[in-house]
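S.K.: Got a structure for you, written out below as structure tokens; questions coming shortly.
The values are calculated or read from the model by the stated rules, or taken from the named source; none is laboratory data. Only a predicted model underlies this, so the values are computations on that prediction, with no experimental measurement involved. Glycine gets a Cβ as well: all are built from the backbone with ideal geometry, and neighbour counts include every protein chain shown.
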Amino acid sequence: MILIIIIALLILFYLDYQLGVYLTKKTNKSEQWLSYSDHISIYTDGTSLYEQLCKDIEHAKHSIDIQFYIIRQDKISNRLYALLSQKQDEGVEVRFLTDWVGSFFFRKKWLQDRFAFKKANRPKAPFFYHLQKRNHRKVVVIDKEIAYCGGFNLGDEYLGRDLHLGKWRDYHVRLTGDVAYLFHHVFTEDWNKSKVVIPSPTLEGDLIRIVRNEGGSLEESIVHLIRRATNQIEIGSPYFIPTKRVLTELFHALDRGVHVKIVIPEKADHLLTKAGALSFLTKMNNKGAQIFLYMDGFFHGKVLFIDDHFCDIGTSNFDQRSFRLNEELNMIVDNSHPIYQKMREVYDADLVQCKEMTEQWIRHQPLWMRLLGFISPLFRPFL
């Protein structure tokens, strides 16, 4: 009887998931736009990022739109909430958005209605699918003039205060110019859960392609970029769990002589993601890819370089969840853009903090980790 119930539940979850995929594709809001920035800054540590963010918020005159996938109730978080409350009292419109699952343990009542607050993607039918669907974007827009986007969430661990993970290494971009107005519209659509008409920007200055991904569109975008590679593909991600299509394209790239380089953390913030990556890392290593393990703390950066021509940076990880389930926001620039040039310097500097992965490293993983990796195909789509 118990076995029958388990089988029935598995069938129900499968049908629920497939229905969710179908409905999401029908209402897919993936889009991309060209815009420009007149100034950019790259942040790789939480301390400098949060200090600049707080300075910009302090000088806000009209509006603050802020969105993180994960938020906490800790020292850095409460400092930011107090500052936002102060700006709201000064007449600045504050809107704060987070993800229902990503910030599941955060309670709205803790903010005491000091400013407008919402959680995105609350569960609805199909229930199981919507428990997996996450808004993974991290966006801040101040006065429609300054925008932030990247990998950092909000919490003390992003300042390197987690004793297990140590230093937190991530990539976040601060931009000014017309692109900030575009980020404001993207945030507003997430806030209202309805379509907003985004005006055509004036295309001048350093062009940036802003890509809003959901409903599986990111997988198609990554496949397209990999197919364009003729010389080199460089990946930076906290997780390496590609879909079958993406893995196949990486194999094809290696077969045609493209050099593939991957930077991932040696430490893991989630055991399942490390276990789920082991077989992919083994296959890529056997195919001739170079895999580097970041040793100076935890690496959470997200970047993709193609042929020294293009750079893709934003909120998406190199995993099946980001490719097929999450709502993400990325920026693509060519090698003439300041973002590309600065990210090139940052990525190369991070390589110095890495050791190259070997077959011996894989063999020396604990037995329980390898066993967990053996059953990982059951849960990879949700990692």
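S.K.: Looking at segment 233-259 only, could you name the residues that are assigned to a strand (DSSP E or B) and either acidic (Asp, Glu) or within 28 Å of Gly166 (Cα to Cα) (or both)?
M.R.: Step one: of segment 233-259, the residues assigned to a strand (DSSP E or B) are 233-236, 240-241, 259.
Result: Glu234, Ile235, Gly236, Phe240, Ile241.
S.K.: A further question follows. Specify which of the listed residues (Ser48, Ser41) is without any contact (Cβ under 8 Å) to a residue 12 or more places away in the chain, out of contact with any Cys (no Cβ under 9 Å at 6 or more places or on another chain), closer than 30 Å to Asp334 by Cα and not in a loop (DSSP other than H, G, I, E, B).
M.R.: Ser48
S.K.: What strands (runs of 3 or more DSSP E) lie completely within segment 97-167 and have 2 or more residues being within 30 Å of Gln353 (Cβ to Cβ)?
M.R.: Here the list reads 139-142, 146-150.
S.K.: Whether any residue in segment 166-173 is at pLDDT 95 or above, over 27 Å from Phe96 (Cα atoms), surrounded by 22 or more Cβ atoms within 10 Å (Cβ to Cβ) and in contact with a strand residue (DSSP E or B) (Cβ under 6 Å, 6 or more places away or on another chain) is what I want to check.
M.R.: no
S.K.: Any idea which of Lys287, Lys302 is touching a Phe, Trp or Tyr at 6+ places or on another chain (Cβ under 8 Å) and free of Cβ contacts under 8 Å to residues at least 60 places away in the same chain?
M.R.: Numbers: Lys302 fails: free of Cβ contacts under 8 Å to residues at least 60 places away in the same chain.
Unique residue meeting the criteria: Lys287.
S.K.: Could you tell me which residue of segment 53-70 is nearest to Lys109 (Cα to Cα), considering only residues that are β-branched (Val, Ile, Thr) and in contact with an Asp or Glu (Cβ under 9 Å, 6 or more places away or on another chain)?
M.R.: Among residues in segment 53-70 that are β-branched (Val, Ile, Thr) and in contact with an Asp or Glu (Cβ under 9 Å, 6 or more places away or on another chain), the one nearest to Lys109 (Cα to Cα) is Ile70.
This table checks each residue for (1) under 30 Å from Leu12 (Cα atoms); (2) among the hydroxyl-bearing types (Ser, Thr, Tyr).
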{"position": "Ile76", "(1), (2)": "no, no"}
{"position": "Tyr81", "(1), (2)": "no, yes"}
{"position": "Phe104", "(1), (2)": "yes, no"}
{"position": "Lys119", "(1), (2)": "yes, no"}
{"position": "Lys124", "(1), (2)": "yes, no"}
{"position": "Arg161", "(1), (2)": "no, no"}
{"position": "Leu165", "(1), (2)": "no, no"}
{"position": "His184", "(1), (2)": "no, no"}
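S.K.: Write out, first by first residue and then by second, each pair whose Cβ atoms fall under 8 Å of each other, whose residues are 6+ apart or on separate chains, and whose first residue, in segment 219-230, is surrounded by 14 or more Cβ atoms within 10 Å (Cβ to Cβ) while the second is of a type in the set (Ser, Thr, Tyr).
M.R.: Glu219/Thr243
S.K.: Separate question: Looking at segment 267-295, which of its residues are modelled with pLDDT of 95 or more and under 23 Å from Leu159 (Cα atoms)?
M.R.: Passing the criteria: Leu293, Tyr294, Met295.
S.K.: Let me ask something else about it. For segment 69-107, enumerate the residues that are closer than 19 Å to Arg134 by Cα, among the small types (Gly, Ala, Ser) and out of contact with any Phe, Trp or Tyr (no Cβ under 6 Å at 6 or more places or on another chain).
M.R.: The one that is closer than 19 Å to Arg134 by Cα, among the small types (Gly, Ala, Ser) and out of contact with any Phe, Trp or Tyr (no Cβ under 6 Å at 6 or more places or on another chain): Ser103.
S.K.: Do the conditions hold for Ser237, that is, is it within 21 Å of Gly373 (Cα to Cα), of a type in the set (S, T, N, Q) and touching a residue at least 60 places away in the same chain (Cβ under 8 Å)?
M.R.: Against the criterion (within 21 Å of Gly373 (Cα to Cα), of a type in the set (S, T, N, Q) and touching a residue at least 60 places away in the same chain (Cβ under 8 Å)), Ser237 qualifies.
S.K.: Right, another one. If Leu9 passes every condition in (1) more than 21 Å from Asp170 (Cβ to Cβ); (2) of a type in the set (A, V, I, L, M); (3) modelled with pLDDT of 70 or more but one, which one does it miss?
M.R.: All conditions pass for Leu9, except number (3).
S.K.: Say whether the condition of being part of a helix (DSSP H, G or I) and surrounded by fewer than 19 Cβ atoms within 10 Å (Cβ to Cβ) is met by at least one residue in segment 68-75.
M.R.: The answer is yes; a qualifying residue exists.
S.K.: For segment 140-165, enumerate the residues that are within 30 Å of Ile264 (Cβ to Cβ), acidic (Asp, Glu) and touching a strand residue (DSSP E or B) at 6+ places or on another chain (Cβ under 9 Å).
M.R.: Glu157, Asp162
Conditions tested, residue by residue: (1) at positive phi; (2) under 19 Å from the mean Cα position of the chain (by Cα); (3) among the hydrophobic types (A, V, I, L, M, F, W, C).
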residue	(1), (2), (3)
Asp334	no, no, no
Val346	no, yes, yes
Ala349	no, no, yes
Trp361	no, no, yes
Pro377	no, no, no
